[in-house]
Amino acid sequence: MRVHRVADADEGGRLAADVIVGALAPLAHPVLGVATGASPRPVYEELVRRFACGDLTTNDLRLAALDEYVGLGRDHPDGYRSTLQREVAVPLRVPVDRLLVPAAWESDLDRAAAGFENALRALGGVDVQLLGIGANGHIGFNEPGSPLDGRTRVVSLDDRTRRDNAVHLTVATEVPRSAITQGIGTILEAGRLVLLAYGRSKTAAVRAALYGPIDSACPASAIRLHPDVVVIADSAALDD
Ligand code: F6R
C-alpha cells in the first residue's frame, strides 16, 4: 500500500488523476470505478481538464458506480446515476450506456444487485476503483458489520451516513434509508484501489483502516487485503 500525504483535495485530485490515467491508458477497454461524494470531485474535475486539453482519451472508457440509493427513482437528480452522469460521464463524453449503476430503482432489488454483479463481470471487472471513506469507516455503502467477502446487495444506511450525506442533496428532502452497494468482496476484485480521505472527520476512520485490525468493524480496513492500493489523504485525515 502506498500512502500519499497531500496538501489538499486539489493536489489529491491531480495525483489520483495521474494514477488513473497511468493505469488506464494502456488498456483497450478500461473500466473506471467511480464513487460519489465530495472526495472524488476534484479527481473528476482534473480528468475533465486533461480530457479537454487532449491528454486523456475516453473513447472506450466505461464507468462503474459503487452504489445507488434505493427509492429515489432512476432519474432523480440526487440519485447516483444522475450525479455520475452530470459530474463524470457527460463532461468526459462517456455515453450514458457506458455508465453502469446498480438498478436500485427496480422493484426486485435482489435481482438488480445480482444483475449489477453479472454486468460488472461481463465488462471484465473494474481496473481502477476510486473510493471515499465514511466517517464510520464505510467504503461504498458497506457500513460497519458488513462482511469482508460480501457481494453487491441491498443495505440499510447508518444514521451517521444519512446525516453526513444530507449535505449532498439538492432536491430530495430526506436521505434514503437503504441502497444497493458493491460488496467489499466485489470492491476487492478491482485491479487497483485508490482511497481518498480529507479532513478531521475522517481521522479516526483512516487510523482504523490503516492501522487497526482488519475486520468488519472498519470496512475500509479490508483494503489492506488488496495487493495494489493507493491512499491519498491530507494531514488532517492522517492525524498529524
Ligand atoms: C459514495 C460512497 C461513499 C463515500 C463516502 C465518503 O459513492 O460510496 O462511501 O465515498 O461516504 O464521502 P465523501 O467523499 O463525501 O466524504
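The table below lists the values:
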| item | result |
| --- | --- |
| Selection status of residue 230, in a strand (DSSP E or B), surrounded by fewer than 24 Cβ atoms within 10 Å (Cβ to Cβ) and touching a residue at least 24 places away in the same chain (Cβ under 8 Å) | yes |
| Any hit, the range 47-55, residues being more than 25 Å from residue 224 (Cβ to Cβ), in contact with a strand residue (DSSP E or B) (Cβ under 9 Å, 6 or more places away or on another chain) and either more than 14 Å from the ligand (Cβ to nearest atom) or part of a helix (DSSP H, G or I) (or both) | yes |
| Exclusive hit being surrounded by fewer than 19 Cβ atoms within 10 Å (Cβ to Cβ) and closer than 19 Å to residue 229 by Cα, set 132, 185, 191 | 185 |
| Residue in the range 60-78 that is of a type in the set (Lys, Arg), within 12 Å of the ligand (Cβ to nearest atom) and farther than 20 Å from residue 21 by Cα present | no |
| Residues that are touching an Asp or Glu at 6+ places or on another chain (Cβ under 6 Å) and within 16 Å of the ligand (Cβ to nearest atom), drawn from the range 83-113 | 101, 102, 104 |
| Pick from the range 114-140, criterion farther than 20 Å from residue 199 by Cβ and assigned to a loop (DSSP other than H, G, I, E, B), ranking: nearest to the ligand (Cβ to nearest atom) | 126 |
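The numbers here are math on the coordinates, done by the rules we state, and not lab data. Everything quoted here is computed from the prediction, not taken from an experiment. In this analysis, Cβ positions are derived from the backbone assuming ideal geometry, glycine residues included, and neighbour counts consider all displayed protein chains.
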